[in-house]
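Everything below concerns the one structure shown next.
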Ligand code: CA
């Protein structure tokens with residue numbers, strides 16, 4: 001080789017560097033933020049006005065807001081099972097909230113399933129979970145055994161926010177008490193498997209833990225994946241005094257506390273984004289933000305949330321139960337300030353994350369239901385990511401299908417209904433009789449999809465069996 005003069009070498013170095021960068025962009029960090037029981041209308045980027053959420057709004061402006069973003073179930077735990085597996089959770093019998101019981105070996109995410117953390121960890125990511133687990137309290141279901149190197153949080157479905165507070169939970173129709181629900185709310189905070197003292201307001205602390213984690217891992221050669229699952233603004237309605245004072249203009253005490261809780265989530269998100277920026281990681285961090293289900297407005301565990309303009313709430317297959325605030329931000333790859341209107345679902349998060357990471361999933365594993373959204377969000381593919389999305393509740397007590405503008409559903413003992421969401425977002429005008437051919441097509445699609453599901457593997461009935469809620473008041477979803 002003919003030696004090149006030094007000045008030519010100096011010119012070539014940036015070219016080689018840029019070529020290398022073009023072929024092998026650094027793998028992104030991935031941050032998945034889940035809020036709990038957040039109303040569709042209760043953040044600024046969704047049009048809410050009485051609860052300022054500047055940090056979440058800035059996150060939305062840095063990426064894409066999905067107007068028609070869904071979760072795969074309208075209550076907490078099955079929805080989270082879908083998020084972490086990328087599969088309709090009824091395929092593996094996950095259709096109720098599990099018991100909070102360390103001896104219940106069937107109440108949790110089946111060990112046959114692989115989580116997004118398992119796959120990213122195999123691909124060389126450092127993985128962490130912070131906050132609410134709710135995918136089984138038996139030791140075999142612990143986050144450290146489901147792909148997460150690090151865990152800080154609690155294993156149950158909820159937790160008090162203020163240390164030492166007594167939580168009164170609903171134990172039956174119109175009855176309140178402090179039964180096992182209270183013990184769950186006061187369950188130990190864990191760092192991995194070690195109990196640690198409760199200090200300060202919980203949402204604030206989860207945000208601090210997350211900010212510390214992303215700062216700590218900034219120096220590592222490996223990229224990281226962090227699953228940050230807030231339990232806010234799920235009940236109990238508790239908030240910091242300084243946050244409550246900020247909302248003193250809200251007359252309704254429950255809405256005031258809820259607003260303070262949402263604002264605390266927003267503050268925590270701001271703290272994490274600031275940590276990403278301070279450590280130079282923001283551009284190369286892919287962030288998802290969703291709620292695990294719609295806001296519970298009038299039912300058990302109602303939290304004074306608002307889902308307008310949607311109809312229905314948590315526990316419903318109406319839009320208010322399953323359509324949620326849904327953001328995707330990755331400054332290095334995804335355009336900023338856009339709105340995406342094709343239907344997408346939480347099941348898409350796993351394949352999107354794996355594609356972004358260049359990670360593969362073993363071919364022998366059960367197939368995913370989610371789709372990699374990157375080609376759609378970057379404009380490379382302008383078709384719809386999904387021909388249809390499906391829901392089933394309570395072992396078949398309710399079904400729903402979304403196909404383009406059409407939404408078909410059947411709930412409990414009611415006749416099937418059909419809505420045109422393009423003209424009737426509030427699901428107020430049933431077109432099942434007027435458009436029988438569409439109703440029949442979607443009913444048949446629902447039945448066919450249902451044949452790929454199994455019966456619920458566990459129930460939330462305190463007596464151990466599955467709850468058959470046919471004909472019963474359906475207000476029992478925790
Ligand atoms: Ca929830």
- prompt: Expressed as an acute angle from 0 to 90° and rounded to the nearest 10, what is the orientation of the C-alpha long axis of helix 253-278 relative to the principal long axis of the chain?
  reply: 20
message: How tilted is helix 76-85 with respect to the longest principal axis of the chain? Cα atoms for both, answer in degrees (0 to 90, nearest 10).
response: 30
- prompt: Which whole-number percent is the relative contact order of region 77-213 (Cα, under 8 Å, 6+ apart)?
  reply: 19
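How many percent of all Cα-Cα pairs in the chain sit more than 43 Å apart?
On the way: 14223 of 114003 pairs.
Result: 12 percent of Cα pairs exceed 43 Å.
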- line: Rounded to the nearest 10, the angle in degrees between the Cα long axis of helix 6-23 and the longest principal axis of the Cα atoms of the chain comes to 20
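Can you tell me the order of 143-152, 222-231 when each peptide is scored by its average per-residue count of other Cβ atoms within 10 angstrom, highest first?
222-231, 143-152
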- prompt: How large, in Å, is region 326-458 by the Kirkwood hydrodynamic radius built from its alpha-carbon pairs?
  reply: 16.9
query: Which of 314, 380, 246 comes first, and how do the rest follow, when ranked by fewest Cβ neighbours within 10 Å?
result: 380, 246, 314
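Is the shape of region 195-354 rounded, prolate or oblate, going by the alpha carbon gyration tensor and its root eigenvalues a ≥ b ≥ c, with a/c under 1.5 for rounded and a/b larger than b/c for prolate? Mind dumping the intermediate values first?
Details: a/c = 2.00, a/b = 1.23, b/c = 1.63.
Note, shape of region 195-354 comes out oblate.
We did not get these values from a lab; they are worked out from the coordinates using the rules stated. Worth saying up front: this structure is predicted, and the values here are computed from it rather than measured. Here Cβ is always computed from backbone atoms with ideal geometry, including for glycine, and neighbour counts include all displayed protein chains.
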